[in-house]
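Undergrad: Structure incoming, see below.
The values are calculated or read from the model by the stated rules, or taken from the named source; none is laboratory data. Remember, predicted model here, so these are calculated numbers, not experimental data. We place every Cβ from the backbone using ideal geometry, glycine too, and count neighbours over all the protein chains shown. These area figures cover heavy atoms from the full protein model, side chains too; ligands, DNA and RNA do not enter into them. Shrake-Rupley method; radii C 1.70, N 1.55, O 1.52, S 1.80 Å.
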Amino acid sequence: MSGPRCPQCAQPCVSPRLLPCLHSLCEPCLRRLGPPEGPPGAARPVLCPVCDAELSLPAGGVGQLPPDCLAGSRGRAAAGCDLCADGAAAGRCLTCGLRLCRFCCRAHRRQKKTASHAVTELENTKDCSQAGKPLLCPSHPTEELQLFCEQCDQPVCRDCVLGRHRQHPCDFAANVIHRHGDALRELLQSSQQRLDTLEDVLSQVEEMGGAVRSRAEAVAAEICLFARGYVKAIEEHRDRLLKQLEDLKVQKENLLHLQKAQLQQLLLDMRTGVEFTEHLLMSGSDVEILVSKGVVSSRLTQLNSVAYSTHPSVDDRIHFSPHERAGQCCGYEVFGAILNKVVDPARCTLHGEDLHSAHQNQLSGFTLLCRDTAGERLGRGGEAVRVTITHKDKRDCAVKPTVCDNGDGTYCISYSPEEPGLYAVCVCVKGQHVQGSPFTLMVKPKFREHQGVFHCCTFCSSGGQKAARCACGGTMPGGYQGCGHGHKGHPGCHHWSCCGQVKESSECLCGPPSDTSQRSLLRTVAL
């Protein structure tokens, strides 16, 4: 029965070594793999010839890679007899470590030299794996690996325990295999669940690819139906629309194909890791599991940490607008377009009376008009609009604006500033400033409400003295104006306030003021 072959050279494996991606290559091929040896003690990057994964060989060279103990058992049912090489191994001599077929087992017991040897029968594939020759220590080739160093996390022999592992906690492999095997099984279980999720996501991606194609075909049918009403100009316009649709479909399919390829590669890697781990736990001996545990755990952990999107990278939303103006075609104005206009923030404009000035605690606002790269107005909404209004002198003072999408390419931005002063306003579409942004906004303080009595008789009767005071305690601005009647001390003159506010509905009890006097008072109040 022929042994396993190296996937690189297709020859029988000679000292197969296990790569971090869980693929096995013979040692001569590994030495020829990748760039020449670098400086001593440096890791050497290589590419796995099976899965193209980028790997780093240990600093100590190929010899530091763990041996692939199960390379001979993968792909075949049972090992052969070590004596006759004809029959399948049915037993193992515990004394000399040979695999024996049933005929050789009986002969082994009858021969005088081996009659005292203990021969045991093999019951399953794991026993077949254990029926192989014992794993020998690379540092002490005559000693079998029977113990496990917890500190170094590797199998060792008795001489290793007495040597450089003297102070390390060590135990027999049979005593620690349950704990390490259970940890590996838990990691395998999580990998199997991730494997199922990957298969579901890949199925969704494939279904979305069909949905994109179906939707594209449906839109193509709409376009063809719309084009029947025109003659040559409409037929050419139809061909142009179909070309645009094909490009859009190809773009979406390319994105889905890229995502599909990435998911398939990750799924293949996950399957390889899961199948290898399952085979290791099912068919490997205790020592064999411990030998491969480190690289298997590292690979499964690496695969489980790979991030991937659980949804298709594109959707099937492809829309055709039959009423959209499409310009001239062969001298005819045509309609119908695939909505693929892209907003250009540099061409978007701002409009409104409250664009640069506003009043404290008063609702103000302005309008954003979105345009495409050609400067034409977009007839649809849905853009990502972000507005910030920040006080220039008080960094912790900001106004929270409200953005209303009108659905026609315009957006109403409203705000109500609480503090007066100079503000910096930034308006961005898709993360980029629009035309004129950022700009400054001046917020003026609100009018002060009069808290006293509208009473200026003291002002009139004092002859227009500035020191005259209203009932609220304030002084009247400007000079003597009075109520325009030329009298002094008249009671009940309620035209003007010392605060600078006009009570237009009030009149002096002596009658309305003269036009000249009222205009003078207006100028005084303005001052």
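Undergrad: Quick one: what do you get for segment 342-444 if you divide its Cα Rg by 2.2 N^0.38 Å?
TA: Compactness ratio reported: 1.05.
Undergrad: Now for a different question. Starting from 0.36 nm per residue, how many nanometres of slack lie between S357 and K446 once their C-alpha separation is accounted for?
TA: Gain on stretching S357 to K446: 30.8 nm.
Undergrad: Right, another one. Rounded to the nearest percent, how much of the accessible area of segment 342-444 (1.4 Å probe, protein heavy atoms only) is carbon and sulfur?
TA: Roughly 48 percent of what the probe reaches on segment 342-444 is carbon or sulfur.
Undergrad: Now for a separate question. Rounded to two decimals, what is the ratio between the C-alpha radius of gyration of segment 85-125 and 2.2 N^0.38 Å?
TA: Normalised by 2.2 N^0.38 Å, the Cα Rg of segment 85-125 equals 1.06.
Undergrad: Taking only protein heavy atoms into account and a 1.4 Å probe, give the accessible area per residue of segment 85-125 in Å².
TA: Per residue, segment 85-125 has an accessible area of 68 Å².
Undergrad: Convert each backbone phi in segment 248-255 into a coupling constant with the Karplus relation 6.51 cos²θ - 1.76 cosθ + 1.60 (shift: θ = phi - 60°), then list the ³J(HN,Hα) values in order as whole Hz, x for Gly and Pro.
TA: Whole-Hz 3J(HN,Hα) from phi for segment 248-255: 5, 5, 4, 4, 5, 5, 5, 5.
Undergrad: Ordered by packing density, taken as the mean number of other Cβ atoms within 10 Å over each peptide's residues, highest first, how do 403-412, 276-285 rank?
TA: Ranking, from highest mean packing down: 276-285, 403-412.
Undergrad: Pop out the carbon and sulfur fraction of the accessible area of segment 143-211 as a percent, whole number, probe 1.4 Å.
TA: 45
Undergrad: Taking 10 °C and 1.306 mPa s as the conditions, I'd like the Stokes-Einstein D for segment 176-305 in µm²/s, using the Kirkwood hydrodynamic radius from alpha carbon pairs.
TA: Translational diffusion coefficient: 87 µm²/s.
Undergrad: For each pair in K252/K293; K243/K430; K232/K430; K394/K430; K232/K252; K260/K430, compute the distance between the two Cα atoms and list the pairs where it is over 32 Å.
TA: Flagged as over cut-off: K252/K293; K232/K430.
Undergrad: Can you list the HN-Hα couplings for segment 383-390, worked out from phi with the Karplus curve (6.51, -1.76, 1.60; θ = phi - 60°), rounded to whole Hz and with x for Gly and Pro?
TA: Karplus values, whole Hz, x for Gly and Pro: 7, 7, 9, 10, 10, 10, 10, 10.
Undergrad: For E121, what accessible area in Å² do you get when you roll a 1.4 Å probe over the heavy atoms of the protein chains, rounding to the nearest 10?
TA: Spelled out: E121, probe radius 1.4 Å, area about 130 Å².
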